[in-house]
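Each remark here refers to the structure printed beneath this line.
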Amino acid sequence: LVDGTGNRLLVLPTTPGKPMEGQVELRALSLGNGGRLTEAGRYRLDPEQQVLTDHRGRRFPVELDLGRGTVRVLAGGTLSVNSRPEKAVVFVDGRRRGIAPQRLTLPAGRYQVRVEGDGWLRESAVEVPAGGSVSLQLGRP
């Protein structure tokens, strides 16, 4: 894959007909003088969470199209979800995202967050700003 804005080539190790499972290590390559490729960085792609992480730990939300073999980095922010008591299940827009506390990197936008504990659940709408972060505390009444 070539990023036209940064002239970077991303190599995605995939097996035809088989979806990606688990995290995938990626190398970014830069096209230099004379058409030579040089390594520009290493990344980890988490297809389940749809997040690309660089070697410094910075996380970027991505849109994956495995049929076309594309990864698009989206403008995003961070959503931190905590629950009381801890260890409740976190859902964002109906999709299970893990156990609280959760720190999620998401495309900027509005989301419906649901936290389910043993015998209780709470919901809240939240706006995740591009380049920013928001924290949400939900719990038993």
Can you name the strands (runs of 3 or more DSSP E) wholly within the stretch 1-74 that have at least 1 residues being modelled with pLDDT of 80 or more and acidic (D, E)? 24-31, 37-46, 51-54, 59-65
Flag if A75 is open to solvent by 60 Å² or more (accessible area, probe 1.4 Å), within 13 Å of the chain's Cα centre (by Cα) and in contact (Cβ under 8 Å) with a residue 40 or more places away in the chain: yes
So which of S124, S135 is assigned to a strand (DSSP E or B), touching a Leu at 6+ places or on another chain (Cβ under 7 Å) and surrounded by fewer than 15 Cβ atoms within 10 Å (Cβ to Cβ)? S124
Out of (1) surrounded by 14 or more Cβ atoms within 10 Å (Cβ to Cβ); (2) farther than 19 Å from E63 by Cα, the one G109 does not meet is (2)
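The values are calculated or read from the model by the stated rules, or taken from the named source; none is laboratory data. Keep in mind it's a predicted model, so treat the numbers as computed, not measured. Neighbour counts run over all protein chains shown; Cβ positions are idealised from the backbone, glycine included. Side chains included, ligands, DNA and RNA excluded: accessible areas come from the protein's heavy atoms. Shrake-Rupley method; radii C 1.70, N 1.55, O 1.52, S 1.80 Å.
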